[in-house]
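Data first, discussion second: the structure below is written as structure tokens.
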Amino acid sequence: MQWRFDRRETIQIAKAWIDLLLQRLAVKIKTPVLEVHIPIEIRRSLVLLAISVLAVGCEPKDVRPGFWLGGEDVSSRVEDWQFTDQIDEVFIQTRSWYGIPHSTTIWCAHVADELYIGSYGEDKKLWEINVLRDNRARIRISGKIYDVTVTKLDDATQRHVVGMAYQRKYDMAQIFGEEIPRWSFYRVEQDANEKPST
């Protein structure tokens, strides 16, 4: 089953949540002189406008997360991810439980023509929680969007090999000092229905 992110579907979900919230709150503006009732259509439009402004203006940057990723959708399958060696950060967009995408920047490394991403520390990042619940995601690399599945590496040997690739790509001692944190690594695989590039 192929997953494609659909902004219209997300907006419909957001509208339903907004309607429910606004109906529960029964928003009214009260002043000492008059009471103004704002119709549901106007309230919904204002909230959707605010969400749209946030969505357009909030792509991830450094440690600040964002929502939808923009870029060119890639329909051809990548056979070798070695080109990512020259790229420090990539973007990942995951599916949140509440229907609005969560995106952030992450590091990556390739090993044996496969792409891996990682996260450090004891606490799970939001993108990790999202992919453990629903492993469908989107990765943006150099302006191109790839539909992928993300799977956590449980095998100690695989984790060690990917960890060594991270060590070669990023100078961990310079970044973290002598106390390099524990990492979790994830394999990134393009959706099975993507066609190999020729």
* Using 1/(1 + (r/R0)^6) with R0 = 41 angstrom and r between the beta carbons of E178 and W97, what's the FRET efficiency to the nearest 0.05? -> 0.60
* To do: Note the full-extension length gain between E79 and D123 as 0.36 nm times their separation in residues minus their Cα-Cα distance, in nm to one decimal.
  => 12.6 nm
* To do: For segment 80-151, give the magnitude of the charge dipole about the Cα centre (Cβ charges: +1 Lys/Arg, -1 Asp/Glu; no others), in debye to the nearest 20.
  => 420
* To do: Extending each Cα 7 Å along its Cβ direction at E189 and D113, get the distance between those two points in nm, one decimal.
  => 1.5
* Asked: Shape of segment 72-196 from its Cα gyration tensor (a ≥ b ≥ c, root eigenvalues): rounded if a/c is under 1.5, otherwise prolate when a/b > b/c, or oblate?
  -> oblate
* Structure fact -> Mean 1/r over distinct Cα pairs of segment 112-179, inverted to a Kirkwood Rh in Å, yields 13.9
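Every number in this text was worked out from the coordinates using simple rules, so none of it is lab data. Since this is a predicted model, take the numbers as computed values, not measurements. Ideal geometry is used to build each Cβ from the backbone, glycine not excepted, and the neighbour counts take in all protein chains shown.
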